[in-house]
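The values are calculated or read from the model by the stated rules, or taken from the named source; none is laboratory data. Bear in mind that the values here come from a model prediction, so they are computed numbers and not experimental data. Here the Cβ positions follow ideal geometry from the backbone for every residue, glycine too, while neighbour counts run over all protein chains shown.
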Amino acid sequence: MASLKALKNRISSVKSTQKITKAMKMVTAAKLRRAQQAAEAARPYSERMAAVMASLAGSVAPGPQSPKLLAGTGKDDTHLLVVCTSDRGLAGAFNTNIVRAARKQADSLIAEGKSVYFYLVGRKGKAVIGRVFPKQIIHQHDTSEIKQVGFADAQEIANDIVDRYQTDGIDVVHLFYARFQSALVQEPVGQQIIPVPPVESADVPAGGGAAIEYEPDEDEILAELLPRNIAVQIFRALLENAASEQGSRMTAMDNATRNAGDMINRLTIEYNRTRQAAITKELIEIISGAEAL
């Protein structure tokens with residue numbers, strides 16, 4: 001049985017931890033509101049951009065003259081998985097779920113005989129992926145200095161990925177992040193961003209097969225639009241991740257605060273019982289001594 005001093009010190013330590021987790025929960029709740037608004041505001045534009053690109057991909061015939069970002073390289077041998085995680089922990093299963101989804105996709109592709117490489121955004125995914133795929137991480141983009149996600153950050157990542165796609169023999173690029181649904185639910189998402197996957201026939205709206213006219217020039221428009229679409233999708237992923245991270249951290253800190261309260265109650269009960277036992281023992285010794293006289 002622990003001594004009274006040890007129990008008292010432990011109760012004091014848990015109370016200090018509870019104050020920290022409660023403060024972190026309050027700070028995270030304030031950040032969550034702003035991050036959620038930014039993520040929800042970016043969804044309509046990114047979803048519409050993806051729909052337009054998918055429609056174009058379905059109307060462009062594969063060939064040497066077709067843009068590689070739209071029609072692909074004609075092969076499906078080498079895949080690059082862009083895994084977006086956070087730079088900080090204490091966020092529950094947020095990073096774990098994203099990495100698990102990426103690993104599942106990688107295992108499936110490797111089982112099919114494909115080559116898989118990883119492009120990491122954020123630091124928290126490197127430990128797990130580096131342990132399982134130590135030689136397949138081609139780059140880690142550091143986001144620790146980013147205070148607030150901006151489109152310029154997504155543009156920088158997108159430009160690097162496009163350069164690697166065009167020069168490193170990559171055929172397909174997938175993007176993994178967590179889609180924010182609520183403070184309790186963050187859904188890991190994996191989507192193909194290069195080449196643009198064509199829209200399914202069942203999803204084509206009426207008139208979707210109409211001819212497309214480009215003005216001023218098809219090559220000029222696609223040269224600007226295709227890299228921008230990749231940047232938009234990465235920007236959305238970063239915003240969704242920011243909101244999901246704050247939601248997951250708020251939930252984790254709330255659970256930690258509750259668990260600390262439960263532990264304080266248990267330790268207090270144990271402290272009182274130990275103290276009562278000590279008092280009872282002293283009384284017995286006094287009474288026994290008095291009777292002996």
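I'd like to check something: does segment 93-101 contain any residue that is over 11 Å from the mean Cα position of the chain (by Cα), buried (at least 19 other Cβ atoms within 10 Å of the Cβ) and not polar (S, T, N, Q)? No, the conditions are met nowhere in segment 93-101.
Whenever a residue of segment 224-238 is in contact (Cβ under 8 Å) with a residue 60 or more places away in the chain and within 12 Å of residue 84 (Cα to Cα), its partners that are crowded, with 23+ Cβ neighbours inside 10 Å and hydroxyl-bearing (Ser, Thr, Tyr), lying with C-beta atoms within less than 7 angstrom and at least six residues away or across chains, give the pairs 237/177.
Residue-by-condition table, conditions (1) touching a helix residue (DSSP H, G or I) at 6+ places or on another chain (Cβ under 6 Å); (2) over 15 Å from residue 197 (Cβ atoms); (3) at pLDDT 85 or above; (4) of a type in the set (Asp, Glu):
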| position | (1), (2), (3), (4) |
| --- | --- |
| 61 | no, yes, no, no |
| 73 | no, no, no, no |
| 81 | yes, yes, yes, no |
| 84 | yes, yes, yes, no |
| 93 | no, yes, yes, no |
| 108 | no, yes, yes, no |
| 113 | no, yes, yes, no |
| 116 | yes, yes, yes, no |
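Just one residue in the set 218, 240, 224, 200 is modelled with pLDDT of 90 or more and among the acidic types (Asp, Glu); that residue is 240.
If we keep just the residues of segment 271-293 that are of a type in the set (Ser, Thr, Tyr) and in contact (Cβ under 8 Å) with a residue 24 or more places away in the chain, which is nearest to residue 12 (Cα to Cα)? Among those residues, the one meeting the criterion is 271.
Scanning segment 144-165 for residues being free of Cβ contacts under 8 Å to residues at least 60 places away in the same chain and either in contact with a Phe, Trp or Tyr (Cβ under 9 Å, 6 or more places away or on another chain) or buried (at least 17 other Cβ atoms within 10 Å of the Cβ) (or both) gives a total of 2. Return the residues of segment 166-178 that are under 29 Å from residue 246 (Cβ atoms) and either under 16 Å from the mean Cα position of the chain (by Cα) or surrounded by fewer than 17 Cβ atoms within 10 Å (Cβ to Cβ) (or both); say none if nothing qualifies. Answer for segment 166-178, where residues must be under 29 Å from residue 246 (Cβ atoms) and either under 16 Å from the mean Cα position of the chain (by Cα) or surrounded by fewer than 17 Cβ atoms within 10 Å (Cβ to Cβ) (or both): 174, 175, 176, 177, 178. Candidates are the residues of segment 157-194 that are part of a loop (DSSP other than H, G, I, E, B) and out of contact with any strand residue (DSSP E or B) (no Cβ under 7 Å at 6 or more places or on another chain); the one that is nearest to residue 31 (Cα to Cα) is 183. Which of the residues spanning segment 256-293 are charged (D, E, K, R) and more than 12 Å from residue 18 (Cβ to Cβ)? Correct list: 266, 270, 273, 275, 281, 282, 285, 291.
Among residues of segment 111-124 that are free of Cβ contacts under 8 Å to residues at least 12 places away in the same chain, none has a beta-carbon under 9 Å from a residue that is buried (at least 19 other Cβ atoms within 10 Å of the Cβ) and not in a strand (DSSP E or B) at least six positions away or on a different chain. The single residue among 32, 109, 81, 70 that is more than 22 Å from the chain's Cα centre (by Cα) and not acidic (Asp, Glu) turns out to be 70.
Is it the case, given these coordinates, that residue 154 is within 20 Å of residue 35 (Cβ to Cβ), part of a loop (DSSP other than H, G, I, E, B), aliphatic (A, V, I, L, M) and under 16 Å from the mean Cα position of the chain (by Cα)? For residue 154, the condition - within 20 Å of residue 35 (Cβ to Cβ), part of a loop (DSSP other than H, G, I, E, B), aliphatic (A, V, I, L, M) and under 16 Å from the mean Cα position of the chain (by Cα) - is not met.
Cβ separations smaller than 8 Å between residues 6+ apart or across chains give no pair from segment 186-200 residues that are farther than 15 Å from residue 232 by Cα and buried (at least 16 other Cβ atoms within 10 Å of the Cβ) to residues that are among the aromatic types (Phe, Trp, Tyr) and modelled with pLDDT under 80.
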